[in-house]
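The values are calculated or read from the model by the stated rules, or taken from the named source; none is laboratory data. Predicted model, so just to flag it, every value in this text is computed and none were measured. Positions of Cβ are backbone-derived with ideal geometry, glycine not excepted, and every protein chain shown enters the neighbour counts.
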Amino acid sequence: MSQTIEDAPVIIRGRWRQLSLLGGTMLVDNAESSLVGGLFPVIRQALGLSLGALGILTAAGKIVGVFTGPLWVWLARRWSRKGVLAVAAGLWGVWGVAAGFSQNFTQLLIFFTILAAGYAGAHPIVTEVIADLFDESSRGRAVGLLYGVLALTSSILAPIKGQLANVDDGWRWGLWGIGAFNILLGLAIWIWFRDPGSGASERQLAGLEPPARTADAKLTWGRTLSLLRIPSFLILLGSRLLSGHLLAATFAVVFLVDVYGFTTAVASVVLLPYGMGYFLGNLAGGFLSDWAVRRSPRHGLVAVLQAAQIAFAIAAFLGTQIDYGSILLFGLFFALMGAAQGVNPGINRPMIMAITLPELRGAAFAIYLNIFEAIAWALFSLGAGFLGDAFGLKSVLLWVLVFLMLVNGAFLTLLYRPYARDVERVQRELDARRDKAVQGQ
């Protein structure tokens, strides 16, 4: 069957260049968080902290995002997405510089939490903009490539950041450097980023002027709460609360130091293969997303997402419960863990984009990333920190990275029935908006 103009892919000019700028905002966020986790053994020694302090730092950064993430999304709708990204994910890096001057845990906790409050706005807004830059046929690849490059860059930087453990106050220099780079990135976004506008990549709306695209797209509290009546979205939120793999990178270095006796500099080496695996998993997830939709539009994405959870649990058992005595073997299994985890963004982000209308995607990702993922991450981090002190990290990671992920895989079975119906509902609404706009011309 020949392809009609209405079915042709929507190509937004300069979309890959814009994606690279968006990726920079997320890279700095990841770098700041991973720096604290990767160098926590030396931060713990410098400030006289316990293992539970890492859980508190991570949890505080996530909990504050529960409140500030939705506020940034709201401000982006009232002001501009470009302006919010320039401030919240860019100039906000000044708080990272301040964190580098911390003289005790209280100061570090305050500055790190304020820093996280700004970064919380980046992920939902960036993901919403990606949905407007790329149409349904290319979103999986775009998301997979974005997260893949982030993972690759982070994995390359991880051993370098790990060597800061051998420098006096190296963790401080790391925070100062990343904070300064963040400020420069904010200026770059303000100068060069071009927002495509809500709904720009939807085939039904692409040919319309921006006012016509958003005529029926007013965002209200009632419409935002209507997201919680989408069955597939509720299941994906539940799955996020069961996503124990969120804990893996945060505790990887301190786990290998405390349980298997590696030094901080040596243990940080596993973050390189972990990141490389995550990178390859991201790329694979993007292509698997597009392939799965073609192969089985109703069930393909669900099956891939489910398989990724089970694969992670298997790799996590092999990578955390057996003492190989060699960092190389640990690195191999951490690479497999990273690959299984890396498949997720290229699948679950496009799924959320497919079951929500353009104007609701920012709110949907704020709920998904800033609220539910933050709650999960906070609970896992606090629990792992305090339970790790009491029972040992090896037992904690067995329950969280292995058993809980198997439960997550089984839970996703619930998606098979409602997902296709929710996608069709969105397409019908977009078709109706197109017809209304055409009739009004």
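Restricting G140, G162, G118 to residues that are at pLDDT 80 or above, crowded, with 23+ Cβ neighbours inside 10 Å and small (G, A, S) narrows the list to G118. Checked against (1) farther than 30 Å from M351 by Cα; (2) part of a helix (DSSP H, G or I), A131 meets all criteria but (1). Kindly indicate whether any position in the stretch 92-106 is of a type outside the set (S, T, Y), closer than 30 Å to R434 by Cα and outside any helix (DSSP H, G or I). No, the stretch 92-106 has no match at all. Restricting attention to the stretch 46-83, the residues that are within 24 Å of T224 (Cα to Cα), surrounded by fewer than 24 Cβ atoms within 10 Å (Cβ to Cβ) and not charged (D, E, K, R) add up to 13. Taken together, L280, L305, L247, L271 contain a single residue that is hydrophobic (A, V, I, L, M, F, W, C), in contact with a helix residue (DSSP H, G or I) (Cβ under 6 Å, 6 or more places away or on another chain) and within 24 Å of F391 (Cβ to Cβ), which is L247. When every residue of the stretch 341-361 is checked against the conditions, none turns out to be surrounded by fewer than 20 Cβ atoms within 10 Å (Cβ to Cβ), touching a residue at least 60 places away in the same chain (Cβ under 8 Å) and not in a helix (DSSP H, G or I). S137 meets the conditions (1) farther than 22 Å from F181 by Cβ; (2) not basic (K, R); (3) not in a loop (DSSP other than H, G, I, E, B) in every case but one. The failed one is (3). With respect to V84, determine if the residue is closer than 20 Å to S198 by Cα and in contact (Cβ under 8 Å) with a residue 24 or more places away in the chain. So V84 passes the test. The condition of being without any contact (Cβ under 8 Å) to a residue 24 or more places away in the chain, buried (at least 22 other Cβ atoms within 10 Å of the Cβ) and out of contact with any strand residue (DSSP E or B) (no Cβ under 8 Å at 6 or more places or on another chain) holds for only one of F279, F312, F333, that being F333. For the stretch 288-299, the criterion of being of a type in the set (A, V, I, L, M), at pLDDT below 85, within 20 Å of Y147 (Cβ to Cβ) and crowded, with 22+ Cβ neighbours inside 10 Å is met by at least one residue.
For the stretch 310-354, residues that are under 13 Å from A248 (Cβ atoms) and among the polar types (S, T, N, Q) total 3. Here the stretch 386-427 is the region considered, the condition is being part of a helix (DSSP H, G or I) and of a type in the set (G, A, S), and the residue that is nearest to M337 (Cα to Cα) is G409. Cβ-Cβ contacts under 8 Å between residues 6 or more apart (or on different chains), taken from a first residue in the stretch 405-429 that is in contact (Cβ under 8 Å) with a residue 12 or more places away in the chain and farther than 13 Å from A303 by Cα to a second residue that is aromatic (F, W, Y) and part of a helix (DSSP H, G or I), are listed as M405/F312; D422/F233.
Scanning the stretch 121-137 for residues that are more than 14 Å from S20 (Cα to Cα), over 14 Å from the mean Cα position of the chain (by Cα) and either buried (at least 23 other Cβ atoms within 10 Å of the Cβ) or aliphatic (A, V, I, L, M) (or both) turns up A131, D132. A single entry from D323, D290 fulfils the requirement of being assigned to a loop (DSSP other than H, G, I, E, B), over 30 Å from L225 (Cβ atoms) and among the acidic types (D, E): D323. When R240 is tested against (1) at pLDDT below 90; (2) closer than 12 Å to I367 by Cα, exactly one condition is not met: (1). State whether one or more residues within the stretch 79-87 are aromatic (F, W, Y) and part of a helix (DSSP H, G or I). No, because not a single residue in the stretch 79-87 is aromatic (F, W, Y) and part of a helix (DSSP H, G or I). Taken as a whole, the structure leaves L175 outside the set of residues that are within 28 Å of R13 (Cβ to Cβ), of a type in the set (A, V, I, L, M) and out of contact with any Ser or Thr (no Cβ under 6 Å at 6 or more places or on another chain). Please indicate, with yes or no, whether at least one residue in the stretch 62-85 is hydroxyl-bearing (S, T, Y) and under 23 Å from S381 (Cα atoms). Yes, the stretch 62-85 contains at least one residue that is hydroxyl-bearing (S, T, Y) and under 23 Å from S381 (Cα atoms).
Of all the residues in the stretch 239-269, those that are assigned to a helix (DSSP H, G or I) and more than 19 Å from A311 (Cα to Cα) number 16. Residues that are surrounded by fewer than 22 Cβ atoms within 10 Å (Cβ to Cβ) and modelled with pLDDT of 70 or more were ranked within the stretch 146-159; the one that is nearest to M276 (Cα to Cα) is L152.
With the condition kept exactly as written, say whether any residue in the stretch 291-307 is under 20 Å from V126 (Cβ atoms), more than 14 Å from the chain's Cα centre (by Cα) and in contact (Cβ under 8 Å) with a residue 60 or more places away in the chain. No.
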